[in-house]
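The next block holds one structure in the form of structure tokens; read it before the comments.
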Amino acid sequence: MRNVKPFLKKCFTPITILIVPHSKSQPFRVRVSFVTLLACGFLCLTGAGYLTSIGVDTIEYYAMKKKLSYLAKEFDNLKATISSLKKADTELTKLLSLKSRNTILKSVDFKDTGSPDIESLKKQINETVQSVYSIRKYIAEQKDLYLATPSGWPVQGTISSYFGERLHPVTGEKSMHSGIDIRAPAGTPIHATAPGIISFSGWTNDSGYIIVVEHGHGFSTAYAHNKKNHASVGQKVKKGELIASSGSTGITTGPHLHYEVWKDGRQINPGLYLKEMR
């Protein structure tokens with residue numbers, strides 16, 4: 001107790017603080033006890049520490065908010081991409097009867113925290129995008145090939161002579177018949193069996209008036225013994241477009257169309273391409 005009393009006396013002993021302004025004003029004194037001064041210092045330090053803690057928390061909050069906003073944006077983008085890929089995958093799978101690539105949606109790497117691995121998801125999406133691109137490219141190529149392939153009957157009539165070896169109706173000699181003959185009355189419309197460009201339209205001694213159409217992908221067709229050609233060289237024609245009228249020009253025994261199909265410079269059986277109904 002003897003030691004406590006002197007200590008308390010010192011703690012409550014007044015301390016005079018002299019404040020001298022840098023002006024003509026008179027200095028003034030503030031009397032506070034030592035304990036009050038210590039309490040004020042403690043409160044100031046505590047307040048400064050609290051404000052610093054709030055400042056750090058505020059900085060971390062905005063950093064986390066910014067990161068969360070970025071992640072939300074990334075997931076929105078990924079969600080939209082996945083939705084587009086699912087739609088494209090469904091359409092392409094139906095078209096080509098291929099195995100579905102919906103595994104991207106089943107194999108996303110989710111950790112124990114419940115958060116998806118964005119990098120893994122991006123990698124899988126990029127792989128699927130490449131797969132879809134390859135399939136689209138394949139479809140485009142197959143579509144071009146399909147459009148360039150002759151199909152259907154070029155003229156209304158009946159086949160009078162098939163592709164292959166035969167006895168020539170005029171000379172009576174055995175020879176290779178490079179196309180098919182379709183019997184049709186003179187003046188019957190002749191139509192292109194695939195879209196293309198006219199590469200020849202004119203007269204030859206054996207074939208009379210003849211038209212040749214280039215279709216692309218190595219395909220070309222020839223229409224011979226025409227009464228009249230209605231298309232000229234360089235003209236673009238559509239499938240089914242009128243290009244000539246049947247006749248019996250050149251060396252023939254009657255009005256008909258001699259129809260040929262060429263693939264990569266080689267004559268092939270046109271009967272293989274008479275797919276459509278007349």
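Things worth noting here:
- Amide H contacts of Glu241 (H built 1.01 Å from N, in plane; Pro and chain starts excluded): Ala192 sit under 5 Å, all sequence-distant by 5 or more or on other chains.
- A Förster radius of 22 Å combined with the Cβ-Cβ distance from Glu173 to Thr253 puts the calculated FRET efficiency at roughly 0.90.
- For region 252-260, Karplus couplings with θ = phi - 60° (6.51, -1.76, 1.60), whole Hz, Gly/Pro x: 9, 10, x, x, 6, 10, 8, 10, 10
- Equivalent ellipsoid, region 195-249 (semi-axes from 5 times Cα gyration tensor eigenvalues, Å): 18, 11, 9
- Relative packing of peptides 39-46, 265-272 - highest average C-beta neighbours within 10 Å first: 265-272, 39-46
- Were the residues from Ile139 through Lys239 laid out at 0.36 nm apart, the gain over their Cα-Cα distance would be 34.0 nm.
- Region 225-278, Cα convex hull volume normalised per residue, Å³: 134
- Built amide H within the under 5 Å cut-off of Ser207, gap 5+: Ile251
- Dividing the convex hull volume of the alpha-carbon atoms in region 158-273 by its residue count gives 92 Å³ per residue.
Values quoted throughout were computed directly from the atomic coordinates according to the rules given, and no laboratory measurement underlies them. If you're wondering where the values come from, they're calculated on a predicted model, not measured in any experiment. Note that each Cβ is placed from the backbone with ideal geometry, even for glycine, and that neighbours are counted across all protein chains shown.
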